[in-house]
Each structure stands twice: as C-alpha cells, then as structure tokens.
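Heads up, the thing below is written out as structure tokens.
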Amino acid sequence: MEQLIHKYLYKLNSQGLADKDSAFFLALDADITSNRPIAGDAVALTKVFNLMNINALLFSEPLEPYRSIIKEILRQEDKEIVPMDSETRTFFHDIPVVHEFSPGAIAKALSHRKSAIIKDRGIVTYGVVTPEQAFISFSSTCFSTFVKYFHDSIAYFEKCRSEDKSPDKSRIKAFNKIVFLLNEIAVKKHAPCLTDKMPQGEEDVIEMLSEAGRAVTEYRLVDSYFGNISYVYNNKIYISQTSSSMDELQCSIDAVPLDSSSSVGITASSELSAHKNIYYATGDNAILHGHPKFSVIMSLLCEKKDCRHYPPYSPLNKGGIRGVMCHKGCKEKRYISGIPIVSGEIGTGPAGLMHTVPAAMKEGNGVIVYGHGVFTSGKDNFQKPFNMLMDIENKCREEYFKKNRFML
C-alpha cells in the first residue's frame, strides 16, 4: 500500500498538480498507512475512515495556477462549483465546497461526490477500492476548475465589453496573476519523435500505443484517465480499456475484432464505436483522443446570440450561459483555426460521437468535440495524430488570448 501511495504522489508532483511532500495521502490496509506522520490535519482525516466505507483519502493544496484559480472561483461561488465541460460534468455533476476542516463536514461532502474543495485549504478526494481513484478525482478536479475558470472569465469580460461596462478591477488583477502563473509553465512546442516503423506483430502494436499514451500524458494533453487511443492491425482494433491511465497502457489494451465476432470489447473504451467509425470513414488506423484544456475551453465558447436550440429566454440558458444540452444537440457549423467543432455524447445513441466525429474527420483528420476533447488520426503510426493534437491545443491557447487581449 505504501508503494501505491508514493506512486500516485509522484504522479501528482510530475503532472504539476500538488507537491508530493505537502500532500496527505492515507490508505487503509490492516491499518491506516500515511505518507506523513499522523498529526494535525491528518488526525481529522483518519476519522473520515470511520464515517465512510473508503480505502484511501487524499488531501492537498494544489500547485499553481490551480491554487489561485480555485481561490478566485470561490470568490464568486462558495457553495458548489458546477463545471460545464461534458466529461467532468458527467464525472462530478458538481464539486461541493466545505467551509470547515472537520471529519463530519468532509465525510458529508464526499458521501455524494467524488471530490470536495475545503475553502482556503485545498482539495480532498477518496478511493473506495484503491488510492488510484483518489488520484484520478484530484486530477479531474484540477482540470475541471481550470476549464471553468478560463471559460467563465472570457464570458464575463466579453459581457462587460458588450454592455460597455468596466470589469471589476479585482477580477482583472486576479486574471492577470493567474495568466502570469500559467505562463511560468513552459509550453512544449515540439513533439517527441514517436516510433515510425510498421508493427510486425501484436507486441509492436501494444508498444506503439503505450509510447503514444506516455507522450500525451507527459505533454499534459490528457488529465487523470481521460482520453483513449487505438490502432487497427490485422482486422482488429487495439484500443485502450475504459478508465485506463494513458501513461500505463502496457497491460490495458483490448484487441477487438472489427467484425464484432468477440465480446472482448466489453472492457474497451466507451468510445470504441467512434474509433471504429473513424477508421471506416477515413482509412486512418492510428487514432488518438485527448482532453487538452484550451481546446475544451474554446469549444465551449459560442458567439451565436439567437440560438434556435437554446435561446436566451430558455430555462436551459440562464444568464446567457449555454444550455446543458448544447454538447449533445448543437447543429451549428463552428471552427477554431480551421478545425471543426462538433457536438456528440459518449455511446451509440442518436447523438453519439460515433455519428458526429467520423464525418467531420474527413475534413482534415482532426476534430474538437464540444466541451469534450480532440480526436486526431493518421496512417500507420502516431506521429501525425500526436503532432495534430499538440498543434490544435497550442492554436486554441493562442486563440483564447487573442480574443482576450483587451483584458491584459
């Protein structure tokens, strides 16, 4: 158990989420194991185990810019945080805010959500079965609040501009500070060199998938376990399993016959159908799906004022915020730097990604899904899909700050 704790503490640190030496990570085996002496805050955390049926508990103040982002969000919303991107909305629904560091308050918040924010203290998450679940929820909370903050900021400043009002000076100051902190983190402009050799067997395919998965994690184009990857070889689609970590795919790949002659795909990614249809539509056999932050943020920004699906007077569009169904039913043709944006939801329903993404992929092998992430594809290896994924994210980041240059 101690080994697992330190594994995920290392991931928190390496992915810029939390300081491994400041975090508290506790796990229950025969007794409670902790990475730090059980004193002070850790005493209260141990008591949460008596109130919940859990295996692990993680508490930490996040690193910058997440720390300042959460602090600023809580200046506006101090009861619960409601994310608008599709994945974390599905995963969390909302993130409760706890106002006191006590076992009862923490357990109450976590009893109905995977994660909570303790005001002025940090993020607390848990795992029912393994410490990995606590790490995933912590990572997802950082992603969710990042996307929400930058989305809400551009919406707020745009509203001020359209109404010819001066933005609140404290919000401008906080935004500029957060942007400065964000810019302190170097943006990688050059992609790694991935294997370009044609695979000679199943082992080579799995290694190609694993290599690309590690790269998208290292380049922070995915968070926690969000994202998936596939490669078609010998009439099988090799695809990452559902809820698998992209940097640990070696033993988490399913080989699913394209003719569906086997039930092996039952543990495959929930987006298996979308991957198969992309292959059929484009002929590309290397498909990559990630959740880069600014691509998700920019996909949520819609300038249409008279939307026939969710007009301003609709109950689904309160306060000018787009409706809760936009990600499923938006029919508008939108682009960011020439990359199409489509709606769609996970699964095989009428609004499923398997229907909306493949057709759009024909335009240029890259698609942004509304509030969800990016799909890219290429032939025979993952170099082109990776390059495109990174390029789309960098363009979306540049486009975001171009639209917001009046704020700085």
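Scanning segment 105-121 for residues that are within 26 Å of Cys396 (Cα to Cα) and at pLDDT below 95 turns up nothing. In this structure, does Val124 turn out to be under 30 Å from His93 (Cα atoms) and assigned by TED's automatic domain parsing to the domain that holds Glu61? So Val124 passes the test. Restricting attention to segment 324-341, does a residue exist that is among the charged types (D, E, K, R), modelled with pLDDT of 80 or more, assigned to a helix (DSSP H, G or I) and closer than 21 Å to Ala155 by Cβ? No, because not a single residue in segment 324-341 is among the charged types (D, E, K, R), modelled with pLDDT of 80 or more, assigned to a helix (DSSP H, G or I) and closer than 21 Å to Ala155 by Cβ. Restricting attention to segment 94-121, the residues that are touching a residue at least 24 places away in the same chain (Cβ under 8 Å) and more than 19 Å from the chain's Cα centre (by Cα) total 13. Considering only segment 25-45, state which residues are touching a Ser or Thr at 6+ places or on another chain (Cβ under 8 Å) and either loosely packed, with under 13 Cβ neighbours inside 10 Å or farther than 17 Å from Lys11 by Cα (or both). Selection gives Ile32, Ile38, Ala42, Ala44.
Is at least one residue of segment 24-42 under 29 Å from His372 (Cβ atoms) and of a type in the set (S, T, N, Q)?
no
In the set Asp204, Asp223, Asp247, which member is more than 24 Å from Glu132 (Cα to Cα) and either in the same structural domain as His372 (by TED's automatic domain parsing) or free of Cβ contacts under 8 Å to residues at least 40 places away in the same chain (or both)?
Asp204
Among the conditions (1) without any contact (Cβ under 8 Å) to a residue 12 or more places away in the chain; (2) under 24 Å from the mean Cα position of the chain (by Cα), the only one that Ile178 does not satisfy is (1).
When Cys302 is tested against (1) in a loop (DSSP other than H, G, I, E, B); (2) modelled with pLDDT under 70, just one condition goes unmet, and that condition is (2). Scanning segment 242-296 for residues that are among the hydroxyl-bearing types (Ser, Thr, Tyr) and part of a loop (DSSP other than H, G, I, E, B) yields Thr242, Ser243, Ser244, Ser245, Ser252, Ser260, Ser261, Ser262, Ser263, Ser269, Ser270. Filter segment 108-131 down to the residues that are surrounded by fewer than 20 Cβ atoms within 10 Å (Cβ to Cβ) and over 16 Å from Ile81 (Cβ atoms) and list them by number. Of everything in segment 108-131, those that are surrounded by fewer than 20 Cβ atoms within 10 Å (Cβ to Cβ) and over 16 Å from Ile81 (Cβ atoms) turn out to be Lys108, Ser111, Val128, Val129, Thr130.
Tell me which residues, restricted to segment 119-157, are in a loop (DSSP other than H, G, I, E, B) and of a type outside the set (A, V, I, L, M). Once the filter is applied, which keeps residues that are in a loop (DSSP other than H, G, I, E, B) and of a type outside the set (A, V, I, L, M), segment 119-157 yields Lys119, Asp120, Arg121, Thr130. Restricting attention to segment 78-94, the residues being at pLDDT below 80 and assigned to a loop (DSSP other than H, G, I, E, B) number 6.
Of the residues making up segment 215-241, those that are part of a helix (DSSP H, G or I) and either in contact with a His (Cβ under 7 Å, 6 or more places away or on another chain) or surrounded by 18 or more Cβ atoms within 10 Å (Cβ to Cβ) (or both) are Ala215, Val216, Thr217.
The values are calculated or read from the model by the stated rules, or taken from the named source; none is laboratory data. Everything quoted here is computed from the prediction, not taken from an experiment. Methodologically, a virtual Cβ is constructed for each residue, glycine included, from the backbone with ideal geometry; neighbour enumeration extends over all protein chains shown.
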